[in-house]
Amino acid sequence: MTIQKITNVINIESTQDQWWMLYNESTKIVFEGPIQCSGSTTSPHIMVIADTEEELLAYIEENDLVILPEDVE
Amino acid sequence: MIITLTPPQNITSIDVGTSTPKLGGVIDVSGFTNLQEIRCNGHDLTEVKGYADLPNIKKIVIADNLLTALPSLTGNTNLTSVDCSRNNISQVFPDLSSNTNLRVFLCFRNQLSGNVFDISSNLNMNHFGVGNNNLTGTIPSLSANTNLKTYNVQQQTPGLTGGFPSIDNLLDIDIVNCTGNALSGSLPNLSNNTKLRIFQFASNSFTGNIPDLSNNTQLQLFECYNNNLSGYAGGTITSNLSTFRGQDNILTQSAVNSILAAFVAAGHSNGILNLGGSGNATPTNGNSNSDKLVLEARGWTVIVTP
């Protein structure tokens with residue numbers, strides 16, 4: 001079980017197997033993820049990388065983060 | 001507990017409001033011959049019945065209960081709005097062809113089955129949402145539904161098939177969402193949809209190009225991730241577009257470069273541009289791509305294939 005919190009997000013590489021998300025430290029809003037998506041990420045926000053989605057969901061709860069639904073019903 | 005209202009023919013609107021504990025059991029509105037509206041959302045009701053043939057009823061709001069079936073609506077010819085979302089309704093879609101005044105039909109998160117139905121008779125339909133059901137088959141033509149503002153058929157199990165119909169005639173469309181199906185073919189032309197704000201076509205099997213978005217000046221969210229898209233038709237991108245998710249496609253380097261350049265030209269700050277994932281090409285010069293660096297300097301979050 002590994003969770004990385006990255007505050008200086010410059011060309012951070014993630015693999016297809018990892019789960020990650022980005023959130024705004026001020027608003028506590030998760031605006032990307034949790035997703036599995038390989039790539040190189042640069043962002044002014046906080047990136048959290050974990051092995052499983054459950055780890056990220058636990059992190060969200062422990063840190064009072066908020067996921068805003070983008071699907072309109 | 002049985003609550004009886006008399007004389008029922010004098011009642012035009014029923015709203016059961018909220019209560020703790022929630023209401024359970026059955027609500028029967030038969031006899032309320034002049035009923036125009038029933039609102040009993042957010043309880044534990046197992047059945048709401050008796051409205052099937054009430055000719056004057058216009059609005060039925062029965063979302064967030066424990067309903068397992070929806071009565072026939074064919075007799076409710078004045079019906080304008082139905083919201084039965086988030087119940088346990090497991091049946092074939094009701095026939096709405098006689099509900100020609102219907103403007104809103106929402107039935108999210110149930111277990112509706114059968115073909116996603118034809119709404120070509122519902123010319124007044126503004127908001128149609130049946131996401132997260134078990135619908136199958138192809139999406140019928142939407143060319144007659146010129147008043148549509150939102151259309152949501154996302155996340156059907158096992159998934160809608162075939163192409164997505166033309167939306168050229170939907171000049172007022174604001175939101176269209178078909179994410180999480182088995183749709184194929186090209187993404188629709190969007191050049192007429194100048195009011196489009198949210199476009200969600202992710203996790204299907206679409207091929208070809210990401211369309212020209214030059215005319216979509218209201219666009220805020222564009223999602224086409226997890227398809228088989230290979231190109232970008234070009235054109236300008238509105239500065240309103242702050243979230244673009246195109247990861248997990250097979251975009252060529254030329255397409256990736258062009259998308260990055262279009263966002264630079266739009267001049268917007270602080271958005272999300274995801275072109276990463278498996279399959280997409282690396283932009284020219286990788287992480288040192290000049291357009292990528294410009295966007296990052298403007299506060300964008302940018303994800304690319306390294």
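Listing for the model above:
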| read-out | value |
| --- | --- |
| Dipole-positive endmost among B:A69, B:N152, B:N189 within segment B:47-190 (Cβ charges, Cα centre) | B:A69 |
| Chain B - charge dipole about Cα centre, Lys and Arg +1 at Cβ, Asp and Glu -1, debye rounded to 20 | 300 debye |
| Charge tally in the Cβ shell below 14 Å around B:I173, where Lys, Arg are +1 and Asp, Glu are -1, B:I173 excluded | 0 |
| Most mobile listed residue (B:G42, B:G234, B:G25) in chain B, GNM with C-alpha springs under 10 Å | B:G25 |
| Shielding by partners, peptide A:30-37 (average Cβ within 10 angstrom, other chains) | 4 |
| Proximal charge balance of B:N189 [Cβ under 9 Å; K/R count +1, D/E count -1] | -2 |
| Neighbour-count ranking [beta-carbon atoms within 10 angstrom, fewest first] of A:C37, B:C40 | B:C40, A:C37 |
| Residue mean of other protein chain beta carbons inside 10 Å, B:294-302 | 3 |
| Whole-angstrom gap from segment B:5-55 to segment B:212-260, using each part's C-alpha centre | 47 Å |
| Across B:K22/B:K58; B:K22/B:K49; A:K5/B:K292, pairs whose alpha-carbon gap is larger than 20 Å | B:K22/B:K58; A:K5/B:K292 |
| Environment charge of B:V304, counting only residues whose C-beta is closer than 12 Å and scoring Lys/Arg +1, Asp/Glu -1 | -2 |
| Whole-number percent relative contact order across segment B:126-261, with pairs defined as alpha carbons under 8 Å at least 6 apart | 17 percent |
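Any read-out appearing in this document is the output of simple, stated calculations on the displayed coordinates, not a laboratory observation. Because the structure is a prediction, the values reported are computed rather than measured. Because the Cβ atoms are built from the backbone with ideal geometry, glycine has one as well, and the counts that use them run over all protein chains shown.
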